[in-house]
Amino acid sequence: MSDFPKKYYLETLGCPKNEVDSEALEAGLISAGFAGTDDVGSADLILVNSCGFVNDARVESIDTALSLHMNRKKGSLLVMCGCLPARYSMEGIFDEVDLFLPSGDHDKLVPYLAGIGWAKKSDADSPKRIKPTSPFGYLKLSDGCDNRCSYCAIPLIKGPFYSRSFEEILSEAEYLCNNSVKELVLIGQDTTMFGLDRSDRSELPRLIDRLGGINGLEWLRIMYAHPAHLTEDIIEALGTRDKLLKYIDLPLQHVNDVILRKMNRKIDKRGILDLISGLRAAIPDIVLRTTFIVGFPGETDGDFRELLDFCEEVQFDNLGLFKYSPEEGTPAFNLKDRVDANIAEERYLTLLDLQNKISKAKLDRRVGKSERVLIQEIGGNGIATGRAWFQAPEVDGITYVATLDAKPGDMIDVRIIRAGPYDLYSETLQEG
Ligand code: SF4
């Protein structure tokens, strides 16, 4: 154990769940005596936490590992962890990488490093999170998924659904809020399934109440809710719990009944319409984020028109959009009537254009209003950036704030003075 501490360099790709997994990797390495570095050329241990969800993500993961390999120092160890090695066995076909650690085996990293004399054994109760550098933090409630949507490779990568324990989640939440995190963002493949693998009712409302009691927490946000599992008691909590934002991310993927059935989404158009009108009846100012896939096999012009009309009618606040990506091993991979790539691209741009207009019109209606903003960063020119309660991190727009004395983590009241298609511009409200 001569040149210690050993240094690690970590690159995280993919979704917020990977970001949380990377934190657990870092926390384990730090408690095993490693120190982080931003310079890959001086790192002893190089990790890429990969994504294997769709083809573009796989290409990015491989390209990233190759570029890290090009810049590594002699004697360093290059490890690919995360979803790509969980989906494909890559030993023997990717020699630049020294060790593959699928997402389910991350806890084998430190024992492996201890085995080669690079680390002291890390004790089991080492923290799973690293000291936060942002005023918001993701809280992973579960992993894996049993929904088996026909286009999705996640069940092939992450396996069956399992909820994390209350104790684990609450101790992470306390750790983050004790270290000045103000907003907790609840994530999982399907957050509305939380607890349903160990009880007959979702434990999400009970967890929300427990999290609501944590000092320092200001905002709680639900992402990745499944429309077929968004129950009355979760909606009731959304409408009544102070710290729980009146915001929900509700991926719908499509609205045409034939397509929904082929996607195995467990809900039809009638069900979706009833859910949304029920949500809006219970919580009139609810902010809705959703996700759609265009170009799914068999999608006709008429089906797409139906989706377009639905978005025109419902007016989502935020919308994520994907073109269907055929994924080997998924049931949809063998479906006939693939949609031509140019047609899929055209539909993608058409829906995006519509949503741009809807989003701009909605944000224009916020001009002149006062809103509470969580400051994330301070720009050089007295302009801070942050997010209002209706803007989720990393996926929705941001709010610029003309302020001279705010700092990251501050929650300040602002007046919205201008709206862009996605971002807002504001000034601090004068005291008194
Ligand atoms: S809910 Fe469907 S799309 Fe989401 S992770 Fe599960 S199988 Fe995939």
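The values are calculated or read from the model by the stated rules, or taken from the named source; none is laboratory data. Please read all numbers here as calculations on a predicted model, not as lab measurements. Cβ sites come from the backbone with ideal geometry, for glycine too, and all protein chains shown count toward neighbours. Just so you know, the surface numbers come from the protein's heavy atoms only, side chains and all, with ligands and any DNA or RNA stripped out. Shrake-Rupley method; radii C 1.70, N 1.55, O 1.52, S 1.80 Å.
Rounded to a whole number, what is D in µm²/s for the range 136-364 from Stokes-Einstein with the Kirkwood radius over alpha-carbon pairs (20 °C, 1.002 mPa s)?
115
Taking only Cα atoms and a 10 Å spring cutoff, compute GNM fluctuations for the chain and point out the largest among Ala281, Ala173, Ala361.
Answer for the Gaussian network model of the chain: Ala281.
Using the Kirkwood radius built from alpha carbon pairs, what does the Stokes-Einstein equation give as D for the range 197-273 at 10 °C and 1.306 mPa s, in µm² per second?
114
Give the percent of DSSP beta bridges with both residues in the chain that are antiparallel, rounded to the nearest 5.
Antiparallel bridges: around 35 percent, rounded to the nearest 5.
Give me the number: length gained by fully extending Ala282 to Glu174, i.e. 0.36 nm times residue separation minus the C-alpha to C-alpha distance, one decimal in nm.
In short, 35.8 nm is gained.
If R₀ is 45 angstrom, what is the calculated FRET efficiency for the pair Leu335 and Asp38, using the beta carbon separation as r and rounding to 0.05?
Computed FRET efficiency for Leu335 and Asp38: 0.50.
Can you give the FRET efficiency for Thr240 and Leu66, using 1/(1 + (r/R0)^6), R0 = 60 Å, r = Cβ-Cβ distance, to the nearest 0.05?
In this case the efficiency is close to 0.75.
Short version: ³J(HN,Hα) in whole Hz for each residue of the range 248-254, in order, from phi by Karplus 6.51 cos²θ - 1.76 cosθ + 1.60 (θ = phi - 60°), x for Gly and Pro, what are they?
Taking θ as phi minus 60°, the curve returns 9, 9, 10, x, 9, 6, 6 Hz for the range 248-254.
Using a probe radius of 1.4 Å on heavy atoms only, what accessible surface per residue do you get for the range 274-432? Whole Å² is fine.
Here the residues of the range 274-432 average 49 Å² of exposed surface.
So how much slack lies between Glu96 and Phe166, counting 0.36 nm per residue of separation and subtracting their Cα-Cα distance, in nm?
Going from the current span to full extension adds 21.2 nm.
Give, to the nearest whole percent, the P(r) tail of the range 7-115 beyond 20 angstrom, counting all Cα pairs.
I get 32 percent for the Cα pairs in the range 7-115 exceeding 20 Å.
Using only the Cα atoms, what convex hull volume per residue in Å³ does the chain have?
About 161 Å³ per residue, rounded to a whole number.
For the range 149-273, which whole-number percentage of the solvent-accessible area (1.4 Å probe, protein heavy atoms only) is attributable to carbon and sulfur atoms?
Carbon and sulfur together cover 49 percent of it.
PRE reach from Arg418 (point 7 Å along Cα→Cβ): which of the range 331-375 fall under 19 Å by backbone N?
Answer for the range 331-375: 357, 359-371.
List, in order, the whole-Hz ³J(HN,Hα) value for each residue of the range 333-342 obtained from phi through the Karplus relation with A = 6.51, B = -1.76, C = 1.60 and θ = phi - 60°; use x for Gly and Pro.
Couplings: 4, 9, 5, 7, 6, 4, 8, 4, 4, 5 Hz.
Would you please give the residues with an amide H less than 5 Å from that of Leu424, counting only those at least 5 places away or on a separate chain, with H modeled from the backbone geometry?
Ile398, Thr399, Tyr400
Return, in residue-number order, each cysteine of the chain whose C-beta is not under 4.7 Å from any other cysteine's C-beta.
Among the cysteines of the chain, those whose Cβ sits 4.7 Å or more from every other are Cys15, Cys51, Cys81, Cys83, Cys145, Cys177, Cys311.
Let me have the 222 nm mean residue ellipticity of the chain computed from DSSP H runs of 4+ only, each contributing -39500 (n - 2.57), with the sum over all residues rounded to the nearest 500.
For the chain, the value works out to -10000 deg cm²/dmol.
Farthest toward the dipole's positive end in the chain, which of Leu363, Val185, Ile214, given Cβ charges of +1 (Lys, Arg) and -1 (Asp, Glu) about the Cα centre?
Ile214
Label Leu321 and Lys269 with points 7 Å out from Cα along Cα→Cβ: what is the distance between them in nm?
2.0
Under a plain spin-label model, where a point goes 7 Å from the Cα along Cα-to-Cβ, how far apart in nm are Met411 and Thr385?
2.2
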